[in-house]
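Peer 1: Following this message is one structure expressed as structure tokens.
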Amino acid sequence: MTVAQRRGRRIMMTPAELDTFLTEQRTCRVATVSADGRPHVGALWYVWDGTSLWLYSITRSRRWADLRADPRIAVVVDDGEDYGELRGAELSGTAVFVGEAPRTGEPCAELDVPERLFAAKNFGLDTMPHDGRHAWLKLTPDAVASWDFRKLAGL
């Protein structure tokens, strides 16, 4: 993963910190561009596999329709209440549709790891439940910006 950031180098997460942060968090905010150029942002659960962010999205959503027309995507994962606790990351790139849509559980080797991770993290299960309404989006980021304001205390 390319981690390039010009501003805020003092508060930028290291690759290991970023990996831990993305693994531990559950909710992200997904930004897409509608056909008329308006941005759309919505919250979504995700799972991080160490390289890519996997998003389990409803296939009849505005997000899904936007990405079918224009696969550019930006995702923000953040945490913290007080200023000195704020931390997060913005990942951007191109969304890739993986597996059948909607997902019914047909064998798909590329989904074995993300579905196992997602089921354990979000449902406490060993296998992924499928409702026939969701499908997978994969974001392998082209760009990542991160911040951890907790590092300011040590400056």
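The values are calculated or read from the model by the stated rules, or taken from the named source; none is laboratory data. If you're wondering where the values come from, they're calculated on a predicted model, not measured in any experiment. For neighbour counting, all protein chains shown are included, and Cβ atoms are generated from backbone atoms with ideal geometry for every residue, glycine included. To get the accessible areas, we keep the full protein, side chains included, count just its heavy atoms, and leave off ligands, DNA and RNA. Shrake-Rupley method; radii C 1.70, N 1.55, O 1.52, S 1.80 Å.
Peer 1: So, in region 26-38, how many residues would count as being open to solvent by 60 Å² or more (accessible area, probe 1.4 Å) and β-branched (Val, Ile, Thr)? Break it down into steps so the answer makes sense when it comes.
Peer 2: Initially, region 26-38 is screened for residues open to solvent by 60 Å² or more (accessible area, probe 1.4 Å), giving 26, 29, 35-36, 38.
Checking the rest, the ones that are also β-branched (Val, Ile, Thr) come to none.
Going through region 26-38 one residue at a time, the tally reaches 0.
Peer 1: Right, Ala120: modelled with pLDDT of 95 or more and in contact with a strand residue (DSSP E or B) (Cβ under 7 Å, 6 or more places away or on another chain) or not?
Peer 2: Values: modelled with pLDDT of 95 or more: yes; in contact with a strand residue (DSSP E or B) (Cβ under 7 Å, 6 or more places away or on another chain): no.
Answer is no for this residue.
Peer 1: Still on this structure: Of these, Arg72, Arg63, Arg87, which one is open to solvent by less than 30 Å² (accessible area, probe 1.4 Å), of a type in the set (Lys, Arg) and in contact (Cβ under 8 Å) with a residue 24 or more places away in the chain?
Peer 2: Working: Arg72 fails: open to solvent by less than 30 Å² (accessible area, probe 1.4 Å); Arg87 fails: open to solvent by less than 30 Å² (accessible area, probe 1.4 Å).
On inspection, the qualifying residue turns out to be Arg63.
Peer 1: Additional query: Can you find even one residue in region 33-49 that is over 30 Å from Ala153 (Cα atoms), touching a His at 6+ places or on another chain (Cβ under 6 Å) and of a type in the set (Phe, Trp, Tyr)?
Peer 2: Among the residues of region 33-49, not one is over 30 Å from Ala153 (Cα atoms), touching a His at 6+ places or on another chain (Cβ under 6 Å) and of a type in the set (Phe, Trp, Tyr), which makes the answer no.
Peer 1: Just one of (1) on the phi > 0 side of the Ramachandran plot; (2) loosely packed, with under 14 Cβ neighbours inside 10 Å trips up Val41, so point out which.
Peer 2: All conditions are met except number (1).
Peer 1: If you check Gly154 against the conditions, is it surrounded by 14 or more Cβ atoms within 10 Å (Cβ to Cβ), over 17 Å from Phe21 (Cα atoms) and modelled with pLDDT under 95? If you could, list the steps in order and put the result at the bottom.
Peer 2: Working: surrounded by 14 or more Cβ atoms within 10 Å (Cβ to Cβ): no; over 17 Å from Phe21 (Cα atoms): yes; modelled with pLDDT under 95: yes.
Judged against the criteria, Gly154 is not a match.
Peer 1: Among the residues of region 44-57, write down those that are touching a residue at least 40 places away in the same chain (Cβ under 8 Å), open to solvent by 20 Å² or more (accessible area, probe 1.4 Å) and in a loop (DSSP other than H, G, I, E, B).
Peer 2: Asp49, Thr51
Peer 1: Here are some conditions: (1) farther than 25 Å from Met128 by Cβ; (2) open to solvent by 50 Å² or more (accessible area, probe 1.4 Å). Thr94 meets all but one. Which one does it not meet?
Peer 2: The single condition Thr94 does not satisfy is (1).
Peer 1: Here's something else I'd like to know. Go through Leu67, Leu22 for me and flag whichever is closer than 25 Å to Phe123 by Cα and hydrophobic (A, V, I, L, M, F, W, C). Before you say what the answer is, go through the steps one by one.
Peer 2: Working: Leu67 fails: closer than 25 Å to Phe123 by Cα.
Every option except Leu22 fails the conditions.
Peer 1: Pull up region 75-84, narrow it to residues that are open to solvent by less than 40 Å² (accessible area, probe 1.4 Å) and aliphatic (A, V, I, L, M), then point me to the one that is nearest to Thr14 (Cα to Cα).
Peer 2: So, considering only residues that are open to solvent by less than 40 Å² (accessible area, probe 1.4 Å) and aliphatic (A, V, I, L, M), the one nearest to Thr14 (Cα to Cα) is Val77.
Peer 1: If you don't mind, there's one more thing I want to ask. Scan Ala95, Ala101 and give me the residue that is among the small types (Gly, Ala, Ser) and either part of a strand (DSSP E or B) or within 19 Å of Val144 (Cα to Cα) (or both). Show your work before the answer.
Peer 2: Values: Ala101 fails: either part of a strand (DSSP E or B) or within 19 Å of Val144 (Cα to Cα) (or both).
From the options Ala95, Ala101, the qualifying one is Ala95.
Peer 1: Moving to a separate point now. Which condition breaks for Leu137 when tested against (1) open to solvent by 40 Å² or more (accessible area, probe 1.4 Å); (2) in contact with a helix residue (DSSP H, G or I) (Cβ under 8 Å, 6 or more places away or on another chain)?
Peer 2: (1)
Peer 1: Right, something else. Against the definition (modelled with pLDDT of 95 or more and within 16 Å of Trp147 (Cβ to Cβ)), how does Gly88 come out, yes or no? Reasoning before the result, please.
Peer 2: Details: modelled with pLDDT of 95 or more: yes; within 16 Å of Trp147 (Cβ to Cβ): yes.
It is true that Gly88 is modelled with pLDDT of 95 or more and within 16 Å of Trp147 (Cβ to Cβ).
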